[in-house]
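Participant: Below are the structure tokens for one structure; questions will follow.
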Amino acid sequence: MKQCAYQAYSQNQAGVYSPEKLIEMLYEGLLKFTSLAKRAIINDDMEAKAKWINRSTDIFIELIDSLKDDGSQMTAYLSGLYMHQIKTLNQANINNSTQELDTIIHVVKVLLETWREETSLAYEVA
């Protein structure tokens, strides 16, 4: 019951934001959840680690699903990058590696910064 209510709420909230804002929110979620997974590893909380890594993985899957299948090099690059991040999350989970999570955090920060720059430029031009 709680899960159904949460999903309905999430769907309603998603309808309020632009697609550009939703992608930004996904990147922000990745930063949050990956940082929480890192903290869980440091605190030796394996249950929390798995929870946050799974949430991060789910976001990368959502990002892959959101890509337009237009055959462009950018789509192929991002799809490959996201898949690599999922593999890195799996390795971090297996190895209890904060270093691998730091790498993901760095990559996502760059993606978020680039996304914000590109979307702000698109709005300036329009």
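Every number in this text was worked out from the coordinates using simple rules, so none of it is lab data. Here the structure is a predicted model, which means the values were calculated and not measured. Cβ coordinates were reconstructed from backbone atoms using ideal geometry, including for glycine residues, and neighbour counts include every protein chain displayed.
Participant: May I ask for the Kirkwood hydrodynamic radius of the range 18-125, worked out over all distinct Cα pairs and given in angstroms to one decimal?
Facilitator: 14.3 Å
Participant: In the range 18-125, what is the count of Lys pairs whose alpha carbons are under 19 Å apart, counting only pairs at least 8 residues apart or on separate chains?
Facilitator: 14
Participant: Cα centroids of the range 32-46 and the range 62-110: how far apart, whole angstrom?
Facilitator: That distance is 18 Å.
Participant: So, R0 is 22 Å and r is the distance between the beta-carbons of Thr103 and Val16; what FRET efficiency does that work out to, to 0.05? Don't skip to the answer; put the middle values down first.
Facilitator: Numbers: r = 33 Å, r/R0 = 1.50.
So the FRET efficiency works out to roughly 0.10.
Participant: While we're on this one: Between Ala50 and Lys68, what length in nm is gained on full extension when 0.36 nm per residue of separation is reduced by their alpha carbon distance?
Facilitator: Once the chain is fully extended between Ala50 and Lys68, it gains 3.5 nm.
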